[in-house]
Each structure stands twice: as structure tokens, then as C-alpha cells.
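The values are calculated or read from the model by the stated rules, or taken from the named source; none is laboratory data. For clarity, every value in this text was computed on a predicted model and none was experimentally measured. All Cβ positions, even for glycine, are placed from backbone atoms using ideal geometry, and neighbour counts span all protein chains on display. Ligands, DNA and RNA are stripped out before the accessible areas are found, and what is left, the full protein with its side chains, is counted by its heavy atoms. Shrake-Rupley method; radii C 1.70, N 1.55, O 1.52, S 1.80 Å.
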Amino acid sequence: MADAPAAAASPFPRTTGRTRGYRPEDVDAFLARARAAFEAPESSNIDSSTVRTVAFPLVKRGYQVAAVDAALGRIEDAFAAREREQALSRAGARAWVGQSRQLAQEILDRLTRPKGRRFRRVGMLRFGYRVDEVDLVADKLARFLEEGETVTVDQVRSVAFRMQRRGYNEAQVDAVLDATVEVMLAVV
């Protein structure tokens, strides 16, 4: 019964059985750092990008991944909104829109390359993201940027790809997805 109070105080539900979740100590430590950074931004080394790319080890009886990821999404949104406000007050709306438009154009240039050649491929004996799946998402994001097709930040954050030999380089694809989220949050 000694575990009952600790479980009640847990900010997220825990995994059960064989399912693994994020290591609670790491999540709690990061959330404490993020809270401190948000409350004292002048002495912070955490921003929306840091929140977007944080990773935690998976363990038995860890925090449920979906619950933590949803919370991280809300935290990222808060940091991004503050960053947008700071940039607007520093540089002005015209400069902020110009920077966001430039980043969006760079993303669009990448996404509209020919299918199968949008990202670098990994070596013959390595696995990368499935080319057809990434190209499908790239087409949807390109339509979002060009025509305003409906895509949400959460959809971009939660996209997942299967693996294949000679697939697309994961780091490149992830960087473009992160930049897309950055553009989306800049204009919200």
C-alpha cells in the first residue's frame, strides 16, 4: 500500500503489462525544468524546439506515451506563443511574417521535389523511413503550404513512418517536420 499515494500523485497514467512508457523521473525532471524556464525566460535554455525534440527512455510502468506527448504539445504551444510575441515586439510583424514566409518557402521547395528524391536515402544496408509514406505526407504538407489544405499541428507532430531498406534519412525528414510545426505555430 505504500505505492498508492505515489500513484495518486502521478501526473500521468502509468503503463501496465508489457507496454513500456516514458521513464517517470526523466519526464518529471524535464517538466520541472520547462516550468522554471517558462516562469523565468531570461535565464532559460529551453524553447519550443527543445520541447518538440525532447526524448525519454522507455521503461516498464512508465508514463503513458500518448498522455505525456499531449502535455508536451501544449507546453510547446505555450513556448511558441511566447516566442512569437517576443519576436513581434523585437522585430515587428512585417519581419516576423517575412521570416515565417521564408521558412515556409524553404520547406515547400523541399517537399515539391520529385517523388523518391525529396530527401537523402540511407545506405544499402541501413533502414530509413518508407519513401512512399513520406512522399504521401510531403504531398499533403505541400498542399497545406500552397493551397491552405487543412492540416493540424497535432497531425504533423504525430506522423509516424514504417521503415525500409534504403529509405529516407530519418534526421532530414524529422527536421522538415519540425520546421513545418514551427511555421504552423508561427502563424497561429
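When the residues of region 138-181 are narrowed to those that are open to solvent by 80 Å² or more (accessible area, probe 1.4 Å) and of a type in the set (S, T, N, Q), which ends up farthest from the chain's Cα centre (by Cα)?
Looking at the filtered set, the residue picked out is Thr150.
Taking the stated definitions as given, is Thr112 surrounded by fewer than 16 Cβ atoms within 10 Å (Cβ to Cβ) and either within 21 Å of the chain's Cα centre (by Cα) or within 30 Å of Ala32 (Cβ to Cβ) (or both)? If you could, list the steps in order and put the result at the bottom.
On the way: surrounded by fewer than 16 Cβ atoms within 10 Å (Cβ to Cβ): yes; either within 21 Å of the chain's Cα centre (by Cα) or within 30 Å of Ala32 (Cβ to Cβ) (or both): no.
No; evaluated as a whole, the condition is false for this residue.
If you check Phe161 against the conditions, is it hydrophobic (A, V, I, L, M, F, W, C), in a loop (DSSP other than H, G, I, E, B) and within 23 Å of Val68 (Cβ to Cβ)? Working first, answer last.
Details: hydrophobic (A, V, I, L, M, F, W, C): yes; in a loop (DSSP other than H, G, I, E, B): yes; within 23 Å of Val68 (Cβ to Cβ): yes.
The answer is yes for Phe161.
Of all residues in region 84-93 being open to solvent by less than 70 Å² (accessible area, probe 1.4 Å) and assigned to a helix (DSSP H, G or I), which is nearest to Glu182 (Cα to Cα)? Walk me through it before giving the result.
Going through region 84-93, the residues open to solvent by less than 70 Å² (accessible area, probe 1.4 Å) turn out to be 84, 87-88, 91-93.
If we keep only those that are assigned to a helix (DSSP H, G or I) too, we end up with 84, 87-88, 91, 93.
On the way: Arg84: 10, Ala87: 13, Leu88: 15, Ala91: 17, Ala93: 16 Å.
The residue in question is Arg84.
So Glu147 fits all but one of (1) closer than 21 Å to Gln105 by Cα; (2) touching a residue at least 24 places away in the same chain (Cβ under 8 Å); what number is the exception?
(2)
If I go through region 12-46 residue by residue, how many of them are open to solvent by 60 Å² or more (accessible area, probe 1.4 Å) and either within 14 Å of Ala78 (Cβ to Cβ) or at pLDDT below 90 (or both)?
Selection size over region 12-46: 6.
Could you go through region 64-78 and let me know if any residue there is open to solvent by less than 10 Å² (accessible area, probe 1.4 Å), in contact (Cβ under 8 Å) with a residue 40 or more places away in the chain and more than 18 Å from Gln155 (Cα to Cα).
Taking every residue of region 64-78 in turn, none turns out to be open to solvent by less than 10 Å² (accessible area, probe 1.4 Å), in contact (Cβ under 8 Å) with a residue 40 or more places away in the chain and more than 18 Å from Gln155 (Cα to Cα).
Can you find even one residue in region 94-113 that is outside any helix (DSSP H, G or I), under 24 Å from Val176 (Cα atoms) and basic (Lys, Arg)? Can you show your working first?
Step one: list which residues in region 94-113 are outside any helix (DSSP H, G or I), which gives 112-113.
From what is left, the residues that are under 24 Å from Val176 (Cα atoms) are 112-113.
Checking which are basic (Lys, Arg) leaves us with 113.
Yes, there is a match, as at least one residue in region 94-113 is outside any helix (DSSP H, G or I), under 24 Å from Val176 (Cα atoms) and basic (Lys, Arg).
Against the definition (of a type in the set (Lys, Arg), in contact with a helix residue (DSSP H, G or I) (Cβ under 8 Å, 6 or more places away or on another chain) and in a helix (DSSP H, G or I)), how does Arg52 come out, yes or no? Spell out how you get there, then give the answer.
Numbers: of a type in the set (Lys, Arg): yes; in contact with a helix residue (DSSP H, G or I) (Cβ under 8 Å, 6 or more places away or on another chain): yes; in a helix (DSSP H, G or I): yes.
In short, yes.
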